[in-house]
Structures are given as structure tokens and as C-alpha cells.
Amino acid sequence: MAEQNTRLGILLMILTTFVFSVQDAVSRHLGDNYPVEMIVMIRYWFFGIFVLVLAGRQAGGLRKAAHTGYPLLQVLRGALLVVEIGVMVIAFTLLGLVETHAVFVCYPLLVAALSGPVLGERVGWRRWLAIGVGFVGVLIVLEPGFGVFSVKSLVPLAAALMFAIYGLLTRYVARRDASATSFFWTGVTGAVIATVWGIWYWTPMTGGDWVWMGLLCMSGALGHYLLIRVYELAEASAVQPFAYFQLGFASVIGMIVFGEVVRLNVAIGAAVIVGAGLFTFWRERRAQQQA
């Protein structure tokens, strides 16, 4: 096990959010020109190979990595993540990076809200209050009833819900399965499902866009590798709040590269959501320390 180094873990988490923001920007660029299903499929081909190579280098090899106490739940996790990634790419093309991430950033609140019924965890009244405040922030971003709300605004919210359920299932299977096992099943089952889903949407790509696709695949693999290192170096509760840097990085890239604009309601709503999310992380950490 790697020696704990919280400061380095935090720095790597910030770097991870930047890498994933670049990945999202490339996804948006490719999603404007090619079927989302094909983009996700090619991305998962690279991710699947990356996972197999990583598992093969570990003690026990592929056999140990594949051994799971929850095969059906692991397949469900993989399927959920494939669909969630596809929905996020669609959201990037419909709403842009800024507004997509402003809504998606509520997923930790969904995790907190669903941790009771899914995992049997106790959620105190303070965290429920924070969850409620966070969803007020979501409503501020979406502006229902003010003449500008549209169904497409719900797309990143659907992605956030799927990602929250994926995260909860990951915590559930961790009761028996090692993180390396969950990572293996995420990549391998995801590659299979993405291929079955995406092969029907194959579209020839130009040479220049293959370069962008290569960057998408490499940034995805690098981001996941960095995330593994983060959780080897520091406790999740210490580094998770810094995941919110992705909202900032994605917003800056959206404004500079794609000419997006941060509307006042989006900025206010995102700030409310982030504040509520940070409070839930703090309360969860306090509960763990007192247990």
C-alpha cells in the first residue's frame, strides 16, 4: 500500500479534474460531428485495453482482478457508466460545458440522499437540510417557470442521477470486492456493452479527428490512473471536495474555447450546490470520526 500523503493526493486530485475537463471539451468537439454512441465505443476500447494491461501487471493477474462476489451488480455498474458517459456527451452538445457541469455537480447530493435507502446509511437532519439547499441551487440553474426552461436542461440531471447510483453501487460492492476488481469490471463490461451499442453507428472519421479521438482516449486513461493514485495517497473524505475544481476548469475551457457564457443564475445556482455539497462531505467526515 502506498504511503499516505494527503497534500500530494490533493494536488493530484486537482490535476485529475483538469484532465477530465480536457476530456469533456474533446468529447463536446467530437460530439458535434460524430454519433455519441461511436465516440463512447472507441473511448471504451482504449479504456478496456488499459484496464486489462493494468490488471495483468498486478499480483494474481487477470484471474484475481476478475474474481467478484457481485457479478450482476458489477455488470450493472459497467452498463450504468457507459450510458451516463453517453448522456453527458449529449448534454455537452446541447448545453455546453458550463451549464452541464453546473447541474451535474449536484451528484454528491444525490449520493447522500440515496445512501440511506440503497446502503442503509444514516443521514442526519443537517445533511438532509444541505441536500434540500443544494437542490434549490439546481432549480436556480434550471430556472423552471421563467420561460427559458427546456427539457434538454434535464439531460445533465439524468446523468448526475446515473452517476450517483453508479457511485453507490461501487460502495456496495466494495464490501466484498477490491477496488482493482471494480475497476476491471468497469472497463471490460463497459467495453463490451459500448461495442454492442455503438457498432451500429460507425461513421468514418477524418484524419484530424482521429487525433482528437486519440487525445480523448489518452486523457480518459490518464484521468483514471491519476484517480487511482489519489485514493492510494489520501483518504477519500480529504480529497473529494477538491473534485469541484472540475466545474471551474470546465467553465474556463467552455468560455475560452467554445465562447460559452456563464449566466448569473448558473453562477449563483452552482455556488449554492457546491456549498451544500461541501457541507455534506464535512458532516460525513465528522460522522466517520465520531463512529
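The values are calculated or read from the model by the stated rules, or taken from the named source; none is laboratory data. Every value quoted in this text rests on a predicted model; they were computed, and no experiment measured them. Here the Cβ positions follow ideal geometry from the backbone for every residue, glycine too, while neighbour counts run over all protein chains shown. Heads up: the accessible areas ignore ligands, DNA and RNA and are worked out on the full protein's heavy atoms, side chains in. Shrake-Rupley method; radii C 1.70, N 1.55, O 1.52, S 1.80 Å.
Can you tell me the FRET efficiency between ARG175 and LEU154 if r is taken as the Cβ-Cβ distance and R0 is 45 Å, rounded to the nearest 0.05?
Details: r = 33 Å, r/R0 = 0.72.
For R0 = 45 Å, the calculated efficiency reads 0.85.
Multiplying the residue separation of TRP210 and ALA66 by 0.36 nm and subtracting their alpha-carbon distance yields 48.7 nm. Running a GNM on the chain with Cα contacts under 10 Å, which residue among GLY220, GLY60, GLY31 ends up with the highest mean-square fluctuation? Top of the fluctuation ranking is GLY60.
By a 1.4 Å probe calculation restricted to protein chains, GLU284 has an accessible surface near 50 Å², given to the nearest 10. Dividing the mean sequence gap of close Cα pairs (under 8 Å, 6+ apart) by how many residues the chain holds gives a relative contact order of 44 percent. Here the label points at VAL136 and LEU119, each 7 Å from Cα along the C-beta direction, are separated by 2.6 nm in the simple model.
The local environment of VAL89, defined by Cβ-Cβ distances under 11 Å, has a net charge of -2 under the rule Lys, Arg +1 and Asp, Glu -1. Scaled against 2.2 N^0.38 Å for its residue count N, the alpha carbon radius of gyration of region 145-277 is 1.29. Per residue, region 164-276 exposes 49 Å² of solvent-accessible protein surface, assessed with a 1.4 angstrom probe and all protein chains in place.
At 0.36 nm per residue, minus the direct Cα-Cα distance, what do ASN265 and ARG57 gain on full extension? Give it in nm, one decimal, please. Don't skip to the end; give the middle numbers.
Numbers: separation 208, 0.36 × 208 = 74.88 nm, distance 4.83 nm.
The ASN265-ARG57 span can extend by a further 70.1 nm.
In region 207-255, the C-alpha radius of gyration followed by the widest Cα-Cα span (Dmax) gives 14.0, 43 angstrom.
Ordered by solvent-accessible area of protein heavy atoms (1.4 Å probe), largest first, the residues LYS152, LYS64 come out as LYS64, LYS152.
A simple count of charges around ALA55, restricted to other residues whose Cβ falls under 11 Å of its Cβ and scoring Lys, Arg +1 and Asp, Glu -1, yields +3. For region 119-138 versus region 248-287, the inter-centroid distance based on Cα atoms is 17 Å.
Can you tell me the FRET efficiency between TYR225 and THR195 if r is taken as the Cβ-Cβ distance and R0 is 25 Å, rounded to the nearest 0.05? Before the final figure, lay out the partial values.
Values: r = 23 Å, r/R0 = 0.90.
It comes out at approximately 0.65.
GNM on the chain, alpha-carbon springs under 10 angstrom: the most fluctuating residue among ALA178, ALA243, ALA65 is ALA178. If you wrap the Cα atoms of region 20-59 in a convex hull and average its projected area over all directions, you get 3.2 nm².
Carbon and sulfur atoms: what percent of the 1.4 Å accessible area of the chain do they account for?
Values: 9770 of 14170 Å².
Roughly 69 percent of what the probe reaches on the chain is carbon or sulfur.
At full extension, GLU235 and ILE256 could sit 4.2 nm farther apart than now, given 0.36 nm per residue minus the alpha carbon distance.
If packing is taken as the mean number of other Cβ atoms within 10 Å per residue, what is the order of 91-98, 199-206, highest first? Don't jump to the answer; show the numbers that get you there.
On the way: 91-98: 22.5, 199-206: 11.4.
Peptide ranking by packing, descending: 91-98, 199-206.
In units of the rule-of-thumb radius 2.2 N^0.38 Å, the chain shows an alpha carbon radius of gyration of 0.99. Our helix-only sum for the chain, with -39,500 (n - 2.57) per DSSP H run of n ≥ 4 divided by its residues, gives a mean residue ellipticity at 222 nm of -27000 deg cm²/dmol. Rg and Dmax of region 1-112, based on Cα coordinates, read 16.8, 45 Å. When only the Cβ of Lys, Arg, Asp and Glu is charged (+1, +1, -1, -1), the dipole of region 1-128 relative to its Cα centre reaches about 500 debye.
Per 10 Å bin, what is the whole-percent P(r) computed from every C-alpha pair distance within region 36-183? Histogram of Cα-Cα distances, whole percents per bin: 10, 31, 32, 20, 5, 1.
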